[in-house]
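Each reported figure results from applying straightforward, stated rules to the coordinates on display, with no laboratory input. Note that the coordinates shown come from a computational prediction; the quantities given were computed from them, not determined experimentally. With ideal geometry, Cβ positions are generated from the backbone for all residues, glycine too; neighbour counts draw on all protein chains shown.
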Amino acid sequence: MDEDQDEPIGQYNDANRAFLQAFLARGTMTFKESQPVLAAIFTAQEGQTVESEQITQEDFDSYVSAASAAISPFDLEIRSAMHQLRKERVYAVVNTTSDPITQLATLHSADEIAFVKRVIDAMFERYNTPRMEALCLDEMQANKLRVPPRPEENEDETMMENGEGQSQAPKGLKSSEVESVMRSMVDEGWFERSRDGFYCLSARALLELRSWLLDSYNDPDAEEGEWQRVKFCEACKDVVTIGQRCSERDCLVRLHDNCAEAFFRTRRQRGCPKCSKEWTGRHFVGERAVTETEAYQRGRRRSGKSARHSNVAEEIMHEDDEEQEEDGDEDGDEDDE
């Protein structure tokens, strides 16, 4: 807004408090989403109608900056990142100190939180390999995680020695509860669900969980050039769970789709910046690593049932696990020789 404000510039006032309250209620916000919020605030503050279209990026940035400064003493801050699919920047309130997973305890039971942790583990471990970086799962695959894995025999003995009874172990969820929890994770802004029914971490989750993801899934002692489960965009340096990868399997270059367009626009040749191999744009990170395969497309043509789609996706990912194990066995045989 170009009009003068009643309060001196830089002074935190009721307008700032109203904006922060709206931001906290949502958890995330984009500039477009902020326009009607700020328009309503300015209308009430100035006593005359302010339209959403009159709100500028500068207005939004100033209120975000003031809000971030206000919540800083409470170990909170506002961070932003480009959405991996939409060409818009997402802003989120992030807790800078506590374990993000434990923050769910205010809304979910211990069994539900344990289930969500198993889902994220599956995204970054089971469905994320050098051959196929899917980093997502569908509802059928999530349903298989509803019950925690049975402890190994030695773990069971340790629990008994420590006086931990079987009743203390997480009980797991019912199938109907899995559907409810997955839906709530989407509604609360932690997961996103695609048209094909795959769940992945949302922009908010990637901002909030970034440090936790690195600590949980990446090896700090890994050598340079070694494959890691959490990878970053070569252009914007944010985490990549949806995007493109180099066609050379052992090359670690990854790009968001939006970043790839600008990245190669300034280059004469469309080649990988590290290995120089042609960048095809047809090797994917995310659900397209599954859905763009010939096997998945063939399965979708044969049946319109979502259950069939899910079975095909599971088969493709399972085949990738087997190929990964075979590669490991071959490497071991070569070492023995």
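A few comments on the model shown:
- Segment 206-261: C-alpha gyration tensor shape, a/c 1.5 cut-off, then a/b vs b/c: oblate
- Ascending count of other beta-carbon atoms within 10 Å, so fewest first, for TRP227, TRP190: TRP227, TRP190
- Residue exposure sequence - LYS32, LYS117 - by fewest surrounding Cβ within 10 Å: LYS32, LYS117
- Anchor LYS274: lysines whose Cα lies under 29 Å away (excluding residues fewer than 8 positions away in-chain): LYS87, LYS231, LYS237
- The fewest-to-most ranking of ASP59, ASP14, ASP221, ASP196 by surrounding Cβ atoms within 10 Å reads ASP221, ASP14, ASP196, ASP59.
- Whole-Hz ³J(HN,Hα) from phi, Karplus 6.51 cos²θ - 1.76 cosθ + 1.60, for segment 259-275, glycine and proline x: 5, 4, 4, 6, 4, 8, 5, 9, 10, 5, 10, 8, x, 4, x, 10, 9
- Sorting 81-88, 199-206, 233-240 by average packing, meaning the other beta carbons within 10 Å per residue, from highest down gives 199-206, 233-240, 81-88.
- Between GLN54 and GLU33, the distance separating the two model label sites (each 7 Å from Cα on the Cα→Cβ line) works out to 2.5 nm.
- Table column - 3J(HN,Hα) (Hz), segment 49-56, Karplus curve with 6.51, -1.76, 1.60, x for Gly and Pro: 5, 10, 7, 4, 5, 7, 6, 9
- Across every pair of non-identical alpha carbons in segment 14-74, the mean reciprocal distance, once inverted, gives a Kirkwood radius of 11.7 Å.
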